[in-house]
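Every number here is computed from the coordinates shown, using simple stated rules; none is lab data. As the structure is a computational prediction, the values presented were derived from the model and not from experiment. Cβ sites come from the backbone with ideal geometry, for glycine too, and all protein chains shown count toward neighbours.
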Amino acid sequence: MSKLKNIDIEDYWNIIKYNYSQIQFAEVKATAVISIYSLIFGLGYTLDILDEENVYSFNFDFGDAIHIILLGVSLFFVIAAIRRCVMCILPRFNFTVKKSPLFFGDINKYKDFETFFESLEEVLNDETNYRKHLTQSVYATANIASIKFFNVNKGLRHLLKSIVFLTLFFISIYAV
């Protein structure tokens, strides 16, 4: 395997920017899933108010057992999807990185501006150390993006499953 030489510092920053854009995209997708559920429940509430006949009153026979099962499964997927989307927006991370003046989360680890300034100057004036800190930032942002996409994609799958089961629920109510 050939070793890449003369990698420009700008390449690191481009990767970091790309990772941040992926993080934002995952959060937008998670917010969209939650918004879709808001629309579904808002529509369901509105239709319930407009429904004078209350066609889905339960008598607890075999058909109603099917309705309850379908509704229960769909609510399980609704809760699972919302949970995954919240985990995307507010994730828990299980990786650690060294303190770096380049990483926004580490600013509070410096007791004052002078300490931060000295640390930043030290990093910026040593190219090898600078590349190491940039690589650490690439690693951190890539991990964050990966975790967020994992959660939002699970949330989207749960959204689709819940819509399928909610559709089956409403079909079964009106078909009986």
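Against the numbered list (1) without any contact (Cβ under 8 Å) to a residue 60 or more places away in the chain; (2) touching a helix residue (DSSP H, G or I) at 6+ places or on another chain (Cβ under 8 Å); (3) of a type in the set (D, E, K, R), E118 comes up short only at (2).
Might you let me know whether the range 70-83 holds any residue that is within 25 Å of A142 (Cβ to Cβ), out of contact with any Phe, Trp or Tyr (no Cβ under 6 Å at 6 or more places or on another chain), in a helix (DSSP H, G or I) and not small (G, A, S)? Within the range 70-83 (the criterion being within 25 Å of A142 (Cβ to Cβ), out of contact with any Phe, Trp or Tyr (no Cβ under 6 Å at 6 or more places or on another chain), in a helix (DSSP H, G or I) and not small (G, A, S)), the answer is yes, since at least one residue qualifies.
Residues checked against (1) closer than 16 Å to K29 by Cβ; (2) loosely packed, with under 14 Cβ neighbours inside 10 Å; (3) over 13 Å from the mean Cα position of the chain (by Cα); (4) touching a residue at least 40 places away in the same chain (Cβ under 8 Å):
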position: L90; (1), (2), (3), (4): yes, yes, no, no
position: F93; (1), (2), (3), (4): no, yes, no, yes
position: T96; (1), (2), (3), (4): no, yes, yes, no
position: D112; (1), (2), (3), (4): no, yes, yes, no
position: N125; (1), (2), (3), (4): no, yes, yes, no
position: Q136; (1), (2), (3), (4): no, no, yes, no
position: A140; (1), (2), (3), (4): no, no, yes, yes
position: L166; (1), (2), (3), (4): no, no, yes, yes
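Of everything in the range 84-128, what is within 15 Å of A145 (Cα to Cα) and not in a loop (DSSP other than H, G, I, E, B)? Give them in sequence order. R84, C85, V86, M87, C88, I89 - these are the residues of the range 84-128 that are within 15 Å of A145 (Cα to Cα) and not in a loop (DSSP other than H, G, I, E, B). Is it fair to say V97 is within 25 Å of Y12 (Cβ to Cβ) and aliphatic (A, V, I, L, M)? So V97 passes the test. Residues that are of a type in the set (K, R) and either closer than 28 Å to I82 by Cβ or touching a residue at least 40 places away in the same chain (Cβ under 8 Å) (or both) within the range 13-31 comprise just one, K29.
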